[in-house]
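*Asks:* Can you keep this structure in mind? I'll have questions shortly.
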Amino acid sequence: MGVAVELPDVDRGALAAIARRAGEPVPARAEIVIVGGGVIGLSIAYQLARRGLTDVVVLERGYLAEGASGRNGGGVRQQWSTELNIRLMQQSVDLCRSFARELGVNVWFRQGGYLFLARTAAEVARLEKNIALQNGCGVPTRMLSPQEAQDVVPELDVTGVVGASYNPSDGILFPWPFLWGYAQQATRLGVRLFTHTAVTGIEAAAGGAGFTVHSERGRIQARRVVNAVGAWSPEIARMVGVTLPTWPIRHEICSSEPLKPFLRPMVSELTSGLYCSQSMRGEIVGGVSMPGEASTLSMGSRLAFVATYARRLVRLMPVLGDIKILRQWAGPYDCSPDGNPILGEPPGVPGFFLACGFVGHGFMMAPVVGQLYAEWLTGGPRHEIFDRCLLARFTDGGGARDKEDFNIG
């Protein structure tokens, strides 16, 4: 986030070893092949390995943090509109809190909270409904008046704000060491991770007897395959005859020059989709929803975005009117029709597991999803999320669940 960043806790030797492996041939066989070396795939790989299943190969077509996992704001929140997501994110926050101790990498996780601002009565009603559900799950979210929101962030201009929700236990972390931490610990435990290794085809054997995964560095006979490539998941799914109803949307973000620390929570505006936080180095990191976005995998940056973001941000916090933007980038949201992920095995392809459709929140859900997937794939209990988030819910109603309507920030 910003310019030069020192990451003293990351084992550069371990990361260099991963990079060198990109020139080696892939193994002929593996119990599980995970396609996608983003935070979802690496979280699953690490959790499998720490449970003793180390015959795992991860194939990443680019470099680590190339995709959405390295292109987000690092927010981790428990403010959701469905009970299942609230409870999942409570577990995810707990895992983030213990990440540095467990994996030996400082991800700069700090719980400064999330502050959502409402500008209409309908948005206030929505927040109040969600707060009741969150409080019932033990999340300490509370409704604030505009003046109380300004007490949390004195720099806010609350003109036009009619209410806010605030949970002080939500947090933010630094995405890159989070991803690298999973990668280095998974490989230390025996997982084989290949970067710059694209998957070119997958053949499913008859009767669910496994898969042949073709890559640029050879083929692998695998008993099971996990599709964890985010916005590129439809391409991988088509290789085994599965059609996914997901689509990619470009989401842009930017980072300012470092400022003296003043902003503890992530601040998000429901009306515009604006969000911003301050990094540990002092940069203001944020983005805003751009109306009329067409489906695209393009990750180019645009002047229209930074102009829209600047107008919204300065309206909300006039004190930021003179800051300089140092870096601007984009990443792909992996969108699903109901705003919830697609997990489990698709009909007719046993042993092929999906981990896609997280919209912009795969990063914050990765710790708990990786843990739950690993428990299931190593013979443990199958969590209800895998029945509630089946692909079949879009075709035959199987696993139908509430629509998640709180998918910003």
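*Asks:* Just to be sure I understand the filter: pairs with C-beta atoms under 7 Å, separated by 6 or more residues or on different chains, first member in the stretch 153-164 and in contact (Cβ under 8 Å) with a residue 60 or more places away in the chain and closer than 14 Å to Ser268 by Cα, second member outside any loop (DSSP other than H, G, I, E, B) and open to solvent by less than 30 Å² (accessible area, probe 1.4 Å). Which pairs pass?
*Replies:* Val153/Leu115; Val153/Val267; Leu156/Ala149; Leu156/Leu316; Asp157/Leu316
*Asks:* Given (1) closer than 22 Å to Gly190 by Cα; (2) assigned to a helix (DSSP H, G or I); (3) at pLDDT below 95; (4) not hydrophobic (A, V, I, L, M, F, W, C), identify the lone condition not met by Gln47.
*Replies:* Looking at each condition in turn, Gln47 falls short on (3).
*Asks:* Could you identify the single residue in Ile284, Ile325, Ile342 that is under 18 Å from the mean Cα position of the chain (by Cα), of a type in the set (Val, Ile, Thr) and modelled with pLDDT of 95 or more?
*Replies:* Ile342
*Asks:* List the residue pairs whose Cβ atoms are under 6 Å apart, where the first residue sits in the stretch 93-111 and is open to solvent by 50 Å² or more (accessible area, probe 1.4 Å), the second is in a loop (DSSP other than H, G, I, E, B) and polar (S, T, N, Q), and the two are 6 or more positions apart or on different chains.
*Replies:* Gln111/Ser169
*Asks:* Next up: Being among the small types (Gly, Ala, Ser) and surrounded by 20 or more Cβ atoms within 10 Å (Cβ to Cβ) is the filter here; which residues of the stretch 211-255 pass it?
*Replies:* Ser215, Ala222, Ala228, Gly230, Ala231, Ser233, Ala237, Ser255
*Asks:* Hey, does the stretch 357-371 have a residue that's over 21 Å from the mean Cα position of the chain (by Cα) and in a loop (DSSP other than H, G, I, E, B)?
*Replies:* Taking every residue of the stretch 357-371 in turn, none turns out to be over 21 Å from the mean Cα position of the chain (by Cα) and in a loop (DSSP other than H, G, I, E, B).
*Asks:* Same structure, new question: Search the stretch 386-409 for residues being under 18 Å from Gly360 (Cα atoms) and crowded, with 16+ Cβ neighbours inside 10 Å, and hand back the single one that is modelled with the lowest pLDDT.
*Replies:* Gly409
*Asks:* Same structure again: Only one of (1) crowded, with 19+ Cβ neighbours inside 10 Å; (2) at pLDDT below 95 fails for Tyr63. Which number is that?
*Replies:* (1)
*Asks:* Taking strands (runs of 3 or more DSSP E) that fall entirely within the stretch 262-353, which contain at least 1 residues that are open to solvent by 70 Å² or more (accessible area, probe 1.4 Å)?
*Replies:* Here the list reads 325-335.
The values are calculated or read from the model by the stated rules, or taken from the named source; none is laboratory data. Treat the numbers as computed from the prediction; the structure is a model and nothing was measured. Ideal geometry is used to build each Cβ from the backbone, glycine not excepted, and the neighbour counts take in all protein chains shown. Surface areas here come from the heavy atoms of the whole protein model, side chains and all, with no ligands, DNA or RNA. Shrake-Rupley method; radii C 1.70, N 1.55, O 1.52, S 1.80 Å.
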